[in-house]
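All remarks here apply to the structure that follows.
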Amino acid sequence: MTKHSLTFRSMLESDLEQVNAVEQQSAEHPWRKAHFSDSLKSGYTCELAVLDCRVVGHSVMMMAAGEASILILTVDKPFQRQGIGRQLLQHMLHKAGQSACETLLLEVRRSNIRAFNLYLDEGFSEIGIRKNYYPMGNHREDAIVMATEINC
């Protein structure tokens with residue numbers, strides 16, 4: 001893990017250019033800036049991981065009826081494999097617990113073994129498959145649906 005202190009804060013409209021830059025460079029199939037803008041306008045929980053005043057990760061979570069769903073979690077490519085994704089995931093779990101959610105759901109590409117293993121390490125279990133869910137070139141890839149109970 002990096003020597004500097006990682007902090008978290010809510011995403012603002014003024015962060016969208018920086019978030020979009022991280023997303024475009026770091027995600028294989030990135031969200032567009034409009035997705036983040038719509039998420040903010042919808043009142044979703046949009047959080048940033050910040051290291052030395054630099055946005056190094058972001059996540060968006062939707063909450064309703066005691067359930068939370070992480071829609072996206074991205075760490076800036078130069079900062080991957082340093083524990084930032086794990087800390088951001090734990091932060092989102094904490095946020096969901098503060099909102100009285102009992103379950104946290106997410107989906108991960110079948111090919112994203114690193115993320116899948118991270119989620120297993122953090123207590124998630126595979127609960128289903130969404131066939132042909134993600135676009136992948138000229139074909140589609142399955143999503144593994146995972147869930148964990150939130151300990152308040």
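The values are calculated or read from the model by the stated rules, or taken from the named source; none is laboratory data. Given the structure is predicted, the values throughout are model-derived calculations rather than measurements. Cβ: placed from backbone, ideal geometry, glycine included. Neighbour counts: every protein chain shown.
Taken over segment 15-31, residues that are of a type in the set (D, E), out of contact with any Phe, Trp or Tyr (no Cβ under 6 Å at 6 or more places or on another chain) and part of a helix (DSSP H, G or I) amount to 2.
Counting only residues that are touching a strand residue (DSSP E or B) at 6+ places or on another chain (Cβ under 9 Å), of a type in the set (S, T, N, Q) and surrounded by 14 or more Cβ atoms within 10 Å (Cβ to Cβ), segment 29-43 holds 1 of them. Which residues, taken from segment 97-121, are in contact with a helix residue (DSSP H, G or I) (Cβ under 9 Å, 6 or more places away or on another chain) and outside any loop (DSSP other than H, G, I, E, B)? T103, L104, L106, V108, R109, R114, A115, L118, Y119, D121 - these are the residues of segment 97-121 that are in contact with a helix residue (DSSP H, G or I) (Cβ under 9 Å, 6 or more places away or on another chain) and outside any loop (DSSP other than H, G, I, E, B). Given the condition over 15 Å from the mean Cα position of the chain (by Cα) and under 27 Å from R32 (Cβ atoms), answer yes or no: does some residue in segment 83-98 qualify? Looking for residues that are over 15 Å from the mean Cα position of the chain (by Cα) and under 27 Å from R32 (Cβ atoms), one finds none in segment 83-98, hence no. Taking segment 93-145 as the range and being aliphatic (A, V, I, L, M) and over 15 Å from S59 (Cβ atoms) as the test, the residues that pass are A100, I113, L120, I127, I129, M136, A143, I144, V145.
Taking (1) in contact with a strand residue (DSSP E or B) (Cβ under 7 Å, 6 or more places away or on another chain); (2) modelled with pLDDT under 95 in turn, M61 satisfies each apart from (2).
Could you tell me whether segment 68-82 includes any residue that is more than 24 Å from F116 (Cα to Cα), surrounded by 15 or more Cβ atoms within 10 Å (Cβ to Cβ), without any contact (Cβ under 8 Å) to a residue 60 or more places away in the chain and not hydrophobic (A, V, I, L, M, F, W, C)? No: segment 68-82 contains no residue that is more than 24 Å from F116 (Cα to Cα), surrounded by 15 or more Cβ atoms within 10 Å (Cβ to Cβ), without any contact (Cβ under 8 Å) to a residue 60 or more places away in the chain and not hydrophobic (A, V, I, L, M, F, W, C). For segment 100-136, the candidate set comprises residues that are over 22 Å from H29 (Cα atoms), modelled with pLDDT of 95 or more and crowded, with 17+ Cβ neighbours inside 10 Å; within that set, the residue that is farthest from the chain's Cα centre (by Cα) is F124. Quick check: anything in segment 44-65 crowded, with 20+ Cβ neighbours inside 10 Å, part of a helix (DSSP H, G or I) and without any contact (Cβ under 8 Å) to a residue 40 or more places away in the chain? No, segment 44-65 contains no residue that is crowded, with 20+ Cβ neighbours inside 10 Å, part of a helix (DSSP H, G or I) and without any contact (Cβ under 8 Å) to a residue 40 or more places away in the chain. Out of all the residues in segment 11-28, is one or more within 16 Å of the chain's Cα centre (by Cα), under 19 Å from C101 (Cα atoms) and surrounded by fewer than 19 Cβ atoms within 10 Å (Cβ to Cβ)? No, segment 11-28 contains no residue that is within 16 Å of the chain's Cα centre (by Cα), under 19 Å from C101 (Cα atoms) and surrounded by fewer than 19 Cβ atoms within 10 Å (Cβ to Cβ). Looking only at residues in segment 29-54 that are among the small types (G, A, S) and under 21 Å from Q90 (Cα atoms), the one that is nearest to the chain's Cα centre (by Cα) is A49.
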